[in-house]
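The structure appears right after this line, and notes come after that.
Quick note: the coordinates plus some simple rules give every number you see, no bench work behind them. Just so we're clear, the structure is a prediction, and the values are computed from it rather than from any experiment. Using ideal geometry, Cβ is built from the backbone for each residue, glycine included, and neighbour counts are taken over all protein chains shown.
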Amino acid sequence: MTAQNEKVYLTEGDCFMLALEKKHMHQTGISNNTCRYLLTVDGYIAHEEFRKKINNNHDLTWLASLVPEKRFPLSLPRWKVSAQTAVVPVWIHESEEFLPAAIVARKISIDAPPSLTFDIIYRSNGDSTLLFSWHHLLMDGHGAILLLKQIAKDIATTSPYLYDHDKRALLGLRSFWQAARAKFFVDRVSKKPLSGIMDLNRKINKTQKIKILNFSKDETIKMDEIAPRLGAQFGRSPFYLACAARTVCAILKKRDIKVHDFWIPVPRNQRKMGAKGPVLGNHIAFLFFRLKRDDLNSFAACVSSINEQTKSQIRSGMAKAYDLLTRFLRRTPLPLYYFWIKGPKGGSLASFLFTVAADHPEELSTFDGHKVKEALSIPSNIYPPGLTFAFMHSQGCLQLMVLYFEGLLQESEIEHLEKQIRHELLTGTEFNDENY
Amino acid sequence: MNSPHLTKCINKALKNSDTKFKLTLSRNHIYIPYYYFILTTLNPDLSYMNIPEKADINQALLAFLKTTIVEKDVEILAQTPFRQLGVDSLSIIELVLFIERRFQVVIPEDELTPENLNSVESLTACTVRHLPK
């Protein structure tokens with residue numbers, strides 16, 4: 001644990017998240033950056049032993065006690081161990097509710113540790129659900145899986161994998177040019193007019209809602225066959241994004257709102273496949289998609305547009321250039337940082353949020369000696385825009401989580417959304433109300 | 001080419017090179033050998049053009065995977081499915097673009113099927129089919 005005394009700086013992704021946390025979400029006070037990972041096992045998780053195990057893991061208690069610190073306006077933000085007692089709470093519940101309301105209402109603040117918590121929910125059928133909650137600034141979903149793998153193995157995470165030793169290499173003129181290129185690119189593709197799910201005239205409630213759509217193994221295989229037929233040769237993500245975008249477009253049309261282009265940043269894990277770390281921090285890059293209004297009308301055109309934009313951005317090294325831009329911005333004071341990332345007229349950062357979480361790993365097919373029956377990664381949902389589509393595969397089945405705030409979508413709209421996205425994912429054909 | 005001096009230099013270099021092509025040189029024009037004509041009529045030794053073989057592509061793809069996409073200590077065989085390695089769709093695009101850049105070959109859209117994009121082996125086989133003969 002000696003290495004934990006060294007200075008650990010926030011990553012580029014963390015600084016971006018910090019600007020969102022302090023400036024963007026703070027303005028409305030509606031959303032919170034809490035992420036969750038849920039594991040349902042077929043047996044009883046002994047809570048006292050689990051609590052002991054968790055609190056004997058020094059790396060875990062160290063992570064729980066971290067708070068971000070920016071000492072001077074132009075200094076690099078870094079992690080500081082809070083003076084507060086570093087005890088990782090493990091709460092116990094007995095409930096049949098998928099996620100008890102008390103848990104959903106509880107928000108984690110990065111400024112008031114602990115910034116990670118556990119809940120064990122005992123079910124009447126003898127199953128237990130372990131819920132790991134953490135603040136998004138502390139780690140991303142991939143980091144959380146790495147941490148859970150270590151907890152499942154009963155091995156304390158070792159420092160080389162816990163965090164990235166800071167690479168504060170000097171950035172040259174070429175890097176500056178790349179960063180400028182990324183800035184011009186983002187400004188160009190996020191140029192107004194854009195449409196989004198956010199409606200300033202609606203009263204948004206702080207209550208977060210989660211709609212979970214489960215698909216069977218056969219349905220998932222069917223989707224895997226449909227996706228390449230629609231032009232998503234490289235993987236399923238463009239197909240999923242097209243379905244999500246078309247669904248949002250349909251909701252806007254039903255509201256009689258003129259639909260413009262959509263602007264969707266999609267995060268991408270920057271860790272190498274099979275990496276054991278780092279756990280701490282957000283190691284994500286972004287790809288930016290502008291879906292043209294006309295393309296949203298046709299399934300194939302929408303998938304093709306996403307494919308082309310992905311190829312173009314990878315070919316031109318835009319994700320790396322954006323990474324350099326965020327590296328340059330790390331020292332920037334937060335108000336200026338936020339002004340830069342949202343653009344001079346930007347009200348919302350995206351039309352809606354979209355993420356494809358990492359597949360639930362095979363190493364976590366058992367936990368605490370029990371078989372894992374269900375696994376779910378629930379991302380944070382930032383308002384605005386306040387609507388997140390999160391796709392995830394677990395044990396060969398697709399799960400789709402739709403996260404939204406009460407008031408942002410009406411019940412009838414959510415019903416329509418569910419029908420349309422299920423229809424389009426399973427058939428690859430365009431949905432119209434006559435289908436139902 | 002409208003620079004007589006440059007033309008002269010290039011033609012001189014062509015004349016002095018080891019190439020077997022017989023070129024008619026003139027002061028103001030560069031005569032570039034017509035690829036089809038050379039292949040069919042003169043039947044030259046093209047080994048110097050360094051057309052990659054299956055093994056080269058396999059090796060290059062594995063090296064690219066190890067340096068850019070997958071952690072070094074993860075064991076990768078040419079037959080290992082990408083999905084088993086956790087390689088996502090964006091990484092597969094990176095692999096395809098790497099092939100295009102490195103071997104100057106364009107894989108047609110209709111060849112980018114799940115079967116061809118399944119592993120290093122299948123991607124190599126697909127690439128080989130589209131190399132210049």
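Once the other residues with Cβ under 13 Å from the Cβ of residue A:393 are scored (Lys, Arg +1; Asp, Glu -1), what is the net sum?
Here the charged neighbours net out to -3.
Taking neighbour Cβ counts within 10 Å as the exposure measure, how do A:408, A:200 sort from fewest upward?
Starting with the residue having the fewest Cβ neighbours, the order is A:200, A:408.
Using modelled backbone amide H atoms (1.01 Å from N, in-plane), which distant-in-sequence or interchain residues come within less than 5 Å of residue A:259's amide H?
Amide H to amide H, under 5 Å and 5 or more residues apart or across chains, residue A:259 pairs with nothing.
Distance between Cα centroids, the stretch A:232-262 to the stretch A:6-45: provide it in whole Å.
26 Å
Could you state, as a whole-number percent, how many of the C-alpha pairs of the protein assembly as shown are farther apart than 48 Å?
17 percent
Over the stretch B:68-126, how many percent of alpha carbon pairs lie in each 5 Å bin up to the one with the longest distance?
Histogram of Cα-Cα distances, whole percents per bin: 4, 18, 31, 28, 15, 5, 1.
Run through the DSSP bridge list for chain A and note the antiparallel percent, rounded to the nearest 5.
80 percent
Can you tell me the equivalent ellipsoid semi-axes for the stretch A:2-162? Use √(5λ) from the Cα gyration tensor, largest first, whole Å.
Over the Cα atoms of the stretch A:2-162, the ellipsoid semi-axes are 28, 20, 12 Å.
What is the fewest-to-most order of B:117, A:147, A:171 by other Cβ atoms lying within 10 Å of their Cβ?
Going from least to most buried by this count: A:171, B:117, A:147.
Amide H of residue B:70 versus every other amide H placed in the peptide plane: which residues, excluding those fewer than 5 positions away on the same chain, fall under 5 Å?
Amide H neighbours of residue B:70, under 5 Å, 5+ apart: A:273.
For Cα pairs less than 8 Å apart in space and 6+ apart in sequence, what is the mean separation divided by the residue count of chain A, i.e. the relative contact order in percent?
Relative contact order comes out at 25 percent.
Quick one: divide the alpha-carbon radius of gyration of the stretch A:73-215 by 2.2 N^0.38 Å and tell me what you get.
Relative to the 2.2 N^0.38 Å estimate, the stretch A:73-215 comes out at 1.45.
Reachable aspartates and glutamates from residue A:206, Cα under 12 Å, same-chain residues fewer than 8 places away excluded?
A:406
If you split all Cα-Cα distances of the stretch A:332-431 into 10 Å bins from zero, what percentages do you get per bin, shortest first?
All Cα pairs, binned at 10 Å, distribute as 13, 31, 30, 19, 7, 0 percent.
Residue A:202 label point, 7 Å along Cα→Cβ, cut-off 15 Å on backbone N: hits in the stretch A:102-136?
Counting only backbone N, you get no residues.
What share of the DSSP beta bridges in the stretch A:283-436 is antiparallel, in percent to the nearest 5?
That works out to approximately 65 percent antiparallel.
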